[in-house]
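Remarks on the structure that follows.
The values are calculated or read from the model by the stated rules, or taken from the named source; none is laboratory data. Bear in mind the structure is a predicted one, so any value in this text is a computation, not a measurement. No Cβ is skipped: glycine too gets one built from the backbone with ideal geometry, and neighbour counts run over all protein chains shown.
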């Protein structure tokens, strides 16, 4: 999360998803993956997003969702601006659901092809996922199909159209 973009429309979408998950029984923690000078906005960021600060030592309790917020998204290599599918899969060992901001799409490849590549990585591990597909893309990943179906149902019940969701199940 680059502080230069703090408060943009993507942050409003992030808040929406955090609130939706909280309303559906999840405790949501965020790893903002801050870049740049973030100290002046750190507390405001957590407040706006509505999620607790990521704390590796505090992952017990009810269902917990981890929100990863890299500057760019899900890449092939981990960088200061990217997480990887391996990072997401590893996080699912500790969290019930992991979701990530993802604007890491190559212009010279069709987006659905890239989405399906990421889904294949999950499917190969027996995991489930879906994308919110809009100007701000988000990948949601989980261990159990039932949990993913429940989150999709909550999203649809909020009024978002089905055409905005792409799943691997």
(message) Among the residues of the range 6-34, what is the count of those that are without any contact (Cβ under 8 Å) to a residue 40 or more places away in the chain, farther than 13 Å from residue 45 by Cα and surrounded by fewer than 15 Cβ atoms within 10 Å (Cβ to Cβ)?
(response) 2
(message) Can you pull out every residue in the range 37-53 that is in contact (Cβ under 8 Å) with a residue 12 or more places away in the chain and more than 20 Å from residue 17 (Cβ to Cβ)?
(response) 37, 38, 40
(message) For residue 95, only one of the following conditions fails: (1) surrounded by fewer than 20 Cβ atoms within 10 Å (Cβ to Cβ); (2) part of a loop (DSSP other than H, G, I, E, B). What is its number?
(response) (1)
(message) Looking for something surrounded by 13 or more Cβ atoms within 10 Å (Cβ to Cβ), over 15 Å from the mean Cα position of the chain (by Cα), free of Cβ contacts under 8 Å to residues at least 12 places away in the same chain and more than 17 Å from residue 18 (Cα to Cα) - is there at least one such residue anywhere in the range 106-113?
(response) no
(request) Report yes if some residue within the range 98-109 is at pLDDT below 95 and in contact with a helix residue (DSSP H, G or I) (Cβ under 6 Å, 6 or more places away or on another chain); otherwise report no. (result) yes
(request) Check 150, 123 and return the single one that is part of a helix (DSSP H, G or I), under 20 Å from residue 19 (Cα atoms) and more than 14 Å from the chain's Cα centre (by Cα). (result) 150
(request) Find all pairs meeting these conditions: Cβ atoms under 8 angstrom apart; at least six residues apart or on different chains; first residue within the range 54-69 and modelled with pLDDT under 65; second residue surrounded by fewer than 14 Cβ atoms within 10 Å (Cβ to Cβ) and part of a loop (DSSP other than H, G, I, E, B). (result) 59/94
